[in-house]
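Student: Quick one: the structure is below, questions incoming.
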Amino acid sequence: MNSAELIHVLYLIAIVAEAMTAALAAGRRQMDWFGVALLGCVTALGGGSVRDVLLGRHPLSWIENPSYLLITSGAALATILIARHMRHLRRLFLFLDAVGLVVFTIIGCNIASGLDMPLIIVIASGMITGCVGGVLRDILCADVPLLFRAELYATVSIVTGALYVGGQWWGLPHQPVMMAAMLTGLALRLLALRFGWSMPKFTYTESLH
Amino acid sequence: MNSAELIHVLYLIAIVAEAMTAALAAGRRQMDWFGVALLGCVTALGGGSVRDVLLGRHPLSWIENPSYLLITSGAALATILIARHMRHLRRLFLFLDAVGLVVFTIIGCNIASGLDMPLIIVIASGMITGCVGGVLRDILCADVPLLFRAELYATVSIVTGALYVGGQWWGLPHQPVMMAAMLTGLALRLLALRFGWSMPKFTYTESLH
Amino acid sequence: MNSAELIHVLYLIAIVAEAMTAALAAGRRQMDWFGVALLGCVTALGGGSVRDVLLGRHPLSWIENPSYLLITSGAALATILIARHMRHLRRLFLFLDAVGLVVFTIIGCNIASGLDMPLIIVIASGMITGCVGGVLRDILCADVPLLFRAELYATVSIVTGALYVGGQWWGLPHQPVMMAAMLTGLALRLLALRFGWSMPKFTYTESLH
């Protein structure tokens, strides 16, 4: 299995994991089955879609591969059946969610660097791919996006992207750099979850208006 | 009147009806007159705009026909004047809103099939056109989108699109299939409203985090 | 300094001011430093991005000039340091925010008229550029957008755009018309802030459903 195939397999695992965690968020809002399926699709595929719309890159991945819609909505609906056992699978899901974050980030970086974008945009593309799906999920649930308050979620994406882009810029070989960036990001996320690490918060209580 | 003309007339009725129901939502949030007009435009034209942005199809309908902006903002503002009588028109508006849902769906299907999209994307395009305007309205009102909890709203759109696409795929003549799909969708929506039908809900109370 | 250079300098001032006011909104929601930086970027650059996506115009400004991402996220983070003094700078910020509104509006009008769009779309493009960043900020904070309830904010954008477009349409020279439109818009916004002017509100208490 070469690195492109590995990324594709990890991508499929990641969209399934994202769709399933989105289904649980939908269940907390008592959405109907249709809402569950839709929130699964939007969360799993929304980051890549926003990235492609901002980059002006068409067709979007799920328009080119409509099976992604079936996979993510199917995974979200299956979650309804197994929800009672999800508690025991909590660690597995947090792990798969972390895998998804770094895989989405690498894919987003690859797409922008394939378009010869500047380095900052390559990292931003990785971060949009990794994080925007969860932001859309939270907007559709009328929550303040968790991203802005969670354990290093976006930071992990930026670190992963910066290592990957920086390593390639230094002329290091592609595949080891990619692996090292993903494993570092994954470790950082899992440590942040384990020890409750978070970015410092900014609290401001006065109104400007 | 051929079927393209009929669809266009129904489209104009639908965007007026969508803009007027959006104006009532704005009034419930005590928005100012500008907010009323803007929410009317976004609700009536937002579904088609999101569809076209996702499909990479330009120019958007209201950029090509700026009169749609005047029609929908005018309809929303007119609603302020007649709001006190809206209660008596409640059934008419729910009917026109249902007409709008199936008409938007058919239009969205036509646009995607005109771009030779796969069947799943044609149905998804119909659903996005029919439903996303209301989702944007609810996001701008900071509500959890009604779509995820309402009486078969999105289901009606999927059923309408699937009948329309399926009938054409089976080689049935275009115009009767379109009419049958629209009437079936309309009947399903009106029955759902009348009898309070809804999709089963998924309730999940534990936190994954 | 010609008018294009003036607009560019004012644009840089405007994105800094927008990013800093967004940082305060983030602080009110106790977002972490990353959320502060991101909300700054989205608020300052989001209006232009949505405009370009709707017009199908690529690359987006911040993809062409990635330094805008650094400027706006840097300005947002710097706000954390000086937040305790912001109260004394309140009037300066409201002034710079008003400058940003009219400058964004003029830039949005220029871009649409450069694409030979009809007059209504030119004015709408100015308004989207001027106002949508703040709407995105409020959505990400899970608030009903202030735009729909604030002191003539969107009205100022429409008046500025209409004067600018109308003056050019009447054949008046470009630079004086632009200056007059900007100063009129700025004066209107400052008077609205000073005297608490607002659009009449529409209140509707019954449910259609």
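The values are calculated or read from the model by the stated rules, or taken from the named source; none is laboratory data. Bear in mind that the values here come from a model prediction, so they are computed numbers and not experimental data. Cβ coordinates were reconstructed from backbone atoms using ideal geometry, including for glycine residues, and neighbour counts include every protein chain displayed. For the accessible areas, the whole protein counts, side chains as well, though only heavy atoms, and no ligand, DNA or RNA atoms are used. Shrake-Rupley method; radii C 1.70, N 1.55, O 1.52, S 1.80 Å.
Student: Where does chain B land at 222 nm, in deg cm²/dmol rounded to the nearest 500, when only DSSP H runs of n ≥ 4 count, each adding -39500 (n - 2.57), divided by all residues?
Tutor: -25500 deg cm²/dmol
Student: Among C:Val102, A:Ala37, A:Ala181, whose Cα projects farthest towards the positive end of the dipole of the protein assembly as shown, with charges put on the beta-carbon of Lys, Arg (+1) and Asp, Glu (-1)?
Tutor: A:Ala37
Student: Also, I was wondering about something else. For C:Glu5, place a label point 7 Å out from Cα along the Cα→Cβ vector, do the same in each other copy, and report the separations in nm, one decimal, smallest first.
Tutor: 6.0, 6.0
Student: Quick one: what are the phi-derived ³J(HN,Hα) couplings along region C:96-105, Karplus 6.51/-1.76/1.60 with θ = phi - 60°, whole Hz, x for glycine and proline?
Tutor: My calculation for region C:96-105 gives 5, 5, 5, 4, x, 4, 6, 5, 4, 4 Hz in order.
Student: On to the next question. Let me know the charge dipole size of the protein assembly as shown about its Cα centre in debye, to the nearest 20, where only the beta-carbon of Lys, Arg (+1) and Asp, Glu (-1) is charged.
Tutor: 1660 debye
Student: When the dipole is taken about the Cα centre of chain B, and only Lys, Arg (+1) and Asp, Glu (-1) are charged at their Cβ, what size is it in debye, to the nearest 20?
Tutor: 620 debye
Student: Can you compute the modelled spin-label distance between B:Arg84 and A:Ser198, with each label point 7 Å from Cα toward Cβ, in nm?
Tutor: So the two model labels end up 5.1 nm from each other.
Student: Still on this structure, I have one more. Can you list, shortest first in nanometers, how far C:Asp116 lies from the same residue in the other copies, with each label 7 Å from Cα toward Cβ?
Tutor: Going from nearest to farthest copy, the values are 2.8, 2.8 nm.
Student: In whole Hz and in residue order, list the ³J(HN,Hα) couplings for region A:124-137 that follow from phi through the Karplus curve 6.51 cos²θ - 1.76 cosθ + 1.60, θ = phi - 60°; x for Gly and Pro.
Tutor: 4, 4, x, 5, 4, 4, x, 10, 5, x, x, 5, 4, 4
Student: Show the residues, 5+ positions off or on another chain, whose built amide H is closer than 5 Å to the amide H of C:Met31.
Tutor: A:Phe202
Student: Still on this structure: Roughly how big is the A-C contact, given as buried accessible area in Å² (both sides, 1.4 Å probe, nearest 100)?
Tutor: When A and C are taken together, about 3200 Å² of accessible area is lost.
Student: Then there is this: Going 7 Å from the Cα of A:Leu183 toward and past its Cβ, which residues in region A:85-127 have a backbone nitrogen under 20 Å from where you end up?
Tutor: A:95-107
Student: Go through region C:25-35 residue by residue and turn each phi into a ³J(HN,Hα) via Karplus (6.51, -1.76, 1.60, θ = phi - 60°); whole Hz please, and just put x for glycine and proline.
Tutor: Whole-Hz 3J(HN,Hα) from phi for region C:25-35: 4, 5, x, 5, 9, 6, 6, 7, 4, 5, x.
Student: Residues of region A:119-209: accessible area per residue at 1.4 Å, in Å²?
Tutor: Per residue, region A:119-209 has 44 Å² of solvent-accessible surface.
Student: For the protein assembly as shown, give the percent of accessible area contributed by carbon and sulfur heavy atoms, probe 1.4 Å, rounded to a whole number.
Tutor: Using a 1.4 Å probe with all protein chains present, the protein assembly as shown comes out at 65 percent carbon and sulfur.
Student: Work out the mean other chain Cβ neighbour count within 10 Å for the residues of C:115-123 and drop it here as an integer.
Tutor: Mean number of neighbouring Cβ atoms from other chains: 3.
Student: With contacts defined as alpha carbon pairs under 8 Å and 6 or more residues apart, what's the relative contact order of region B:1-74 in percent?
Tutor: 32 percent
Student: Relative contact order, percent, of chain B when contacts are C-alpha pairs under 8 Å separated by at least 6 residues?
Tutor: Working: 266 pairs, mean separation 45.0, N = 209.
For chain B, the relative contact order is 22 percent.
Student: What are the distances, in nm and sorted shortest first, from the label point of C:Arg84 to the label points of the same position in each other copy, with each label point placed 7 Å from Cα along the Cα-to-Cβ direction?
Tutor: Here C:Arg84 shows inter-copy label distances of 5.6, 5.6 nm.
Student: Looking at region B:124-140, which residues lose a minimum of 50 Å² of accessible area between their chain alone and all protein chains in place, measuring with a 1.4 Å probe and not counting ligands or nucleic acids?
Tutor: Those are B:Ile139, B:Leu140, which lose 50 Å² or more relative to the chain on its own.
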